[in-house]
Amino acid sequence: MKKVRMILGLVLVTALCAGLIGNAAAVTFTDAHGNQIELDETLEAYSNVTLYGAEDAARKGETNLGDFWADALRWFAVSEEINGFFEEDDVAAGITAIDADAAHTVALWNGGNLRADIPEGKFGAELLAEVLPYPNKVAVVYMTGAQLQEALEAASQGLPYTEDTAAACAALMQVSGLKYTVDVSKAYDKGEAYGDSWFKAASLSRVTITEVNGEAFDPEATYAVITSNANFNGMDSSYIFAEAKETNEKSTITTAVVRDVVWMYLAADENVISEGYAEPQGRITIIGE
C-alpha cells in the first residue's frame, strides 16, 4: 500500500508540475512574488470544519490550520513519501530517506505563511494557493534539541501579539510532533539584531518544550525538522535553521512543492479534513498574558 501511495503521489505532483492534468482544467494564479502559476482546477477536497488562517490567526497562537498544515509536512516524512523527492545530487551522496525515526521527527511551519481560512465545505487548488501564496518547497533540517528549543524561543519573540508586534509574530511556529509553552510574562532576551523585525536569542527563558511525539524532550538528541526552504535559508527569525544546516550535511531542500504535499496528505485521507481539526489540539500553550 505504501508503494502504491508513493506512485500515486508522484503521478499527482508530476502532473501538477508538468501540466499533464489538462490545460483546459487549469486556472492561473498570481503568487505573492508576482509569478503566474497554473493550478489544476480539477483538484477538490472537503473540509468538515473551518480552518483559520486569515487575519493573522496563525501569528497569534496555535490554530487548527497550523496543526493541519504542520501535520501534512510531518506525514510526508514519516510516511516515507518524501523519499522520492530528494535532489539527484543528494541521492548520489546517499541521502535517500529521513535520517531519524518517527519519534525524532517534527514539523515546524511559520504562521506568517498561512494567509487565508479554509471554510467548511468543498475547496480546490486556488483556495490552497491563497492560504500559501508562496512557491515553498519542503526542506529538512537536522538540529539538536537545544537548537530546536532556541528556534522556538526566537520564533515566539513577538508574543503576545499586538499591532506593533504583528511583523515579528510572523515567525511563530505552528508545529506537529511536539508541544511547547511560551511564558510571555518573561521578556524576550534580545541578542544580536536579525533582519528588520527579529533578534537572536541571548538566552532561553520563555519557551519550554514539554514533549516530543509523546516522549520526553531531550536537548542532546538530534531531531529531523521538516519545514520550508524559506526557513531552511534563515527567513524571519530562523537563524538557527541556517546555522544547523551547516553542521549536518544531510540537511537539504527537496523537490517537493509544499502545496502539492498538502494535496497528497489530503488524498491519503480520501480528500477530507476531519472533525478532528475542529479546534487547535493543544500543541502551543501561551501563559503569563
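The values are calculated or read from the model by the stated rules, or taken from the named source; none is laboratory data. On a predicted model such as this, the values are computed, not experimentally measured, just so you know. Cβ: placed from backbone, ideal geometry, glycine included. Neighbour counts: every protein chain shown.
Tabulated data for the structure shown
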| quantity | calculated |
| --- | --- |
| Residues of the range 165-187 classified as under 13 Å from Ala151 (Cα atoms) and in a loop (DSSP other than H, G, I, E, B), total | 1 |
| Filter pass, Asp99 being within 30 Å of Ser237 (Cβ to Cβ), modelled with pLDDT of 95 or more and of a type outside the set (A, V, I, L, M, F, W, C) | yes |
| Looking only at the range 200-212, and only at residues there that are polar (S, T, N, Q) and touching a strand residue (DSSP E or B) at 6+ places or on another chain (Cβ under 7 Å), the one that is surrounded by the most Cβ atoms within 10 Å (Cβ to Cβ) | Thr208 |
| In the range 117-148, the residues that are within 19 Å of Asn64 (Cα to Cα), within 15 Å of the chain's Cα centre (by Cα) and either aliphatic (A, V, I, L, M) or surrounded by 24 or more Cβ atoms within 10 Å (Cβ to Cβ) (or both) | Leu128, Ala129, Val131, Leu132 |
| Candidate set: the range 50-106, residues that are assigned to a loop (DSSP other than H, G, I, E, B) and of a type in the set (S, T, N, Q); chosen: the one surrounded by the most Cβ atoms within 10 Å (Cβ to Cβ) | Thr63 |
| From the options Ala151, Ala139, residue that is touching a residue at least 40 places away in the same chain (Cβ under 8 Å), part of a strand (DSSP E or B) and among the small types (Gly, Ala, Ser) | Ala139 |
| In the range 149-190, residue surrounded by the most Cβ atoms within 10 Å (Cβ to Cβ) [restricted to those that are of a type in the set (D, E, K, R) and in contact with a Leu (Cβ under 7 Å, 6 or more places away or on another chain)] | Glu153 |
